[in-house]
Amino acid sequence: MTTTQKCECPGCNCQAAIGKKYCSPICADESKSPETPCQCKHPGCGDIGLKM
């Protein structure tokens, strides 16, 4: 049984839990500005050059 699905944030490559649209609150906010590179900071996703 699959327990994840693709995060709905346009620039995100992460998986979100089933029943959730986004992998993090950051992606939920970013989905309002799809031209912004993903900043969820998960390994292997979005603009990995950004640091917190």
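Scanning the range 1-31 for residues that are under 8 Å from the mean Cα position of the chain (by Cα) and among the hydroxyl-bearing types (Ser, Thr, Tyr) turns up TYR22, SER24.
Restricting the first member to the range 27-48 and to residues that are on the phi > 0 side of the Ramachandran plot, and the second to residues that are modelled with pLDDT under 70, the beta-carbon pairs closer than 9 Å and six or more apart or on different chains are LYS41/ILE48; LYS41/LEU50; LYS41/LYS51; LYS41/MET52. For the range 1-44, the set of residues classified as of a type in the set (A, V, I, L, M, F, W, C) and surrounded by 14 or more Cβ atoms within 10 Å (Cβ to Cβ) consists of CYS7, CYS9, CYS12, CYS14, ALA16, CYS23, ILE26, CYS27, ALA28, CYS38, CYS40, listed by residue number.
Scan the range 22-33 residue by residue and report those that are closer than 20 Å to GLY44 by Cβ and part of a loop (DSSP other than H, G, I, E, B). The answer is TYR22, CYS23, SER24, SER31.
The values are calculated or read from the model by the stated rules, or taken from the named source; none is laboratory data. All values reported here derive from a predicted model rather than from experimental measurement. Every residue, glycine among them, receives a Cβ derived from its backbone with ideal geometry; neighbour counts consider all protein chains shown.
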